[in-house]
Every structure is written in structure tokens, then in C-alpha cells.
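Here is the structure we will look at, set down as C-alpha cells.
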Amino acid sequence: MTLIMGVLNVTPDSFSDGGRWAATDAAIEHGLLLRAQGADLIDVGGESTRPGATRVTPAEEQNRVIPVVTELARQGLRLSIDTLNASTARAAAKAGASIINDVSGGLADPDMAAVVADTGLNFVAMHWRAHAQQMDALTEYDDVVTEVMVALTARVDALTAAGVARERIVLDPGLGFSKKTEHNWQLINRLDAFASLGLPILVGASRKRFLAAVLPDGAPVQDRDLPTAVVSVLAAQAGAWAVRVHDVAGTRAALNVLSSARQSTPPATNELSGGSFESDTMEP
């Protein structure tokens, strides 16, 4: 069963919910709500990685996230820390996080691989080309699926060479990061190909810009939750380990529908009220 990773942004500037959970108490309360709604794990982040976002110092990031991680871990939640910084990852590990979710796959901070190896935490390595202020300038691909798979394979090789156990690595194709709209859909359509890499796959489509293309112009960001849930079902069908989402309740309902459909047994024949019918005799 595909897991649900609930998004908890402890930031003032995230693209979809910036500022709502910036206060420690509000963030803790929201983390507990996400668990109650069906999240299997909570991804706590203190630095926005949306396109164009301004970077913050590791010290400021840690001031935002460590109190939240500490309390949620105390209450028994399974947590990941969404960070580019090795020092924040180490501090979060000490506070109770069990997963490091690095959108750069360890490229942004040369010390990250060593921290992952030292702590023994699971590590999400995402496909990444540049920081938030440069990512939209690096969106050219000849074959996006092949190129992302090659890049992720290179990250796995580098991480294992640095002492990270292969079985601790999770891969993320990086939807919305240095990708045009069509690239994201191509990756979603070929998520099954990533299974050939032999590692768990995390899919993070939640509320991202490419989903706006299926909605009316000017639709609010929250309207992307339904398309997100559909992508989450597609990801689950492709064997994804987890989906990272803002709307946990809606995603849980969508995945429950998929689970119920998979468990059902279809009838042996097309029978209706004791009779039978042939599709070519049905009137329009």
C-alpha cells in the first residue's frame, strides 16, 4: 500500500500555504491533524523550495523546524525533514526524524551524504538541477524520463560510494523542479519505468503549477487538490512507495477507493437481476 507523506511547511513563503503553520504551536497542531486524517508520515520543512524562493540560513531553518520535530516525535509521529542543509538534517535526526528528504539529492551541501551515512536515516534523493531561483532556466531535455533516471542512478552511485546504505535510499523524479508541464506528465505516465531502478519511489505532485493546466484559468491553488489525488492514484498504481501531499484527507479517500477496487472480485458473467445482456444490443 502506498504511504501518504503529509506536508508541513513551517515557513512564511511556501507557494500554497505560506505562513499558516509558521508558529510552532500551529505547526504542531497541524502535524497532529495530518496524522488524524491518515498521514503515515509527516514531512517538516523550514525553507521554501518553490521557484524563485529566497534561501534562508541553516540557523533560521533550524529555529523553525527543530521544536516542531521534537514535539511531534515525542508524540509518536514518523517524521521526515525536508532540507538541503546537512546541519539541519543532523539536528533533526537528533530531534527524532527518521527520514531526510533533500530535494537536491545531496548535491546542495557536500556534507549531506556523510550525515546520512552517520545517522543511518533513510534518504530521499530527488532529481534536481538548480536552486529555486535558477530552476526555471534549466528545463530542456531530449528524453526527460531517461535523463532523470540516469541522473538519479548517478546520485545513488555517489551516495553509496560515500557510505550510504543502498537500502536506505528513496528516489523522487522531481515533478515541478526544472520541468516543463509536458515533462511532468511524461514522468507521471512512465512512473513504472522507475521501478527498474530497484528502489522505493516518492512522488510529489501536490498543488504544483503543472496541475493548473487542467483547471480553469485563475483557479485557486487549493483547487489543485483533486488533480493531485488523481496523480496519487496513478502513482500508487505504478507502485510508488509514497506520495507527498498537502490534502491528506482527500488523498487517503482516493487511495482507499483504489484499494477497495483492487480487492473486489468481478462477476463471472455480465448478469443483471438474474438475466443477461449483450453490449451490442443496448440502445443508446
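The values are calculated or read from the model by the stated rules, or taken from the named source; none is laboratory data. What you see is a predicted model; the values in this text were computed from it and never measured. Cβ atoms come from the backbone with ideal geometry, glycine included; neighbour counts cover every protein chain shown.
Data table
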{"quantity": "Selection within region 197-217 - touching a residue at least 24 places away in the same chain (Cβ under 8 Å) and outside any loop (DSSP other than H, G, I, E, B)", "calculated": "Leu197, Ile201, Leu202, Val203, Arg209, Phe210, Ala213"}
{"quantity": "Residue in region 71-84 that is surrounded by 15 or more Cβ atoms within 10 Å (Cβ to Cβ), touching a residue at least 60 places away in the same chain (Cβ under 8 Å) and within 17 Å of Pro200 (Cα to Cα) present", "calculated": "yes"}
{"quantity": "The one condition in (1) within 18 Å of the chain's Cα centre (by Cα); (2) crowded, with 18+ Cβ neighbours inside 10 Å; (3) in contact (Cβ under 8 Å) with a residue 24 or more places away in the chain that Thr228 fails to fulfil", "calculated": "(3)"}
{"quantity": "Region 52-70: number of residues that are in a helix (DSSP H, G or I), touching a residue at least 60 places away in the same chain (Cβ under 8 Å) and more than 12 Å from Leu32 (Cβ to Cβ)", "calculated": "0"}
{"quantity": "Criterion violated by Ala213 - all others in (1) buried (at least 21 other Cβ atoms within 10 Å of the Cβ); (2) at pLDDT below 95 satisfied", "calculated": "(1)"}
{"quantity": "Gly176 of a type outside the set (Asp, Glu) and closer than 22 Å to Leu234 by Cα", "calculated": "yes"}
{"quantity": "Counted residues, region 228-284 - those being outside any strand (DSSP E or B), at pLDDT below 95 and among the acidic types (Asp, Glu)", "calculated": "3"}
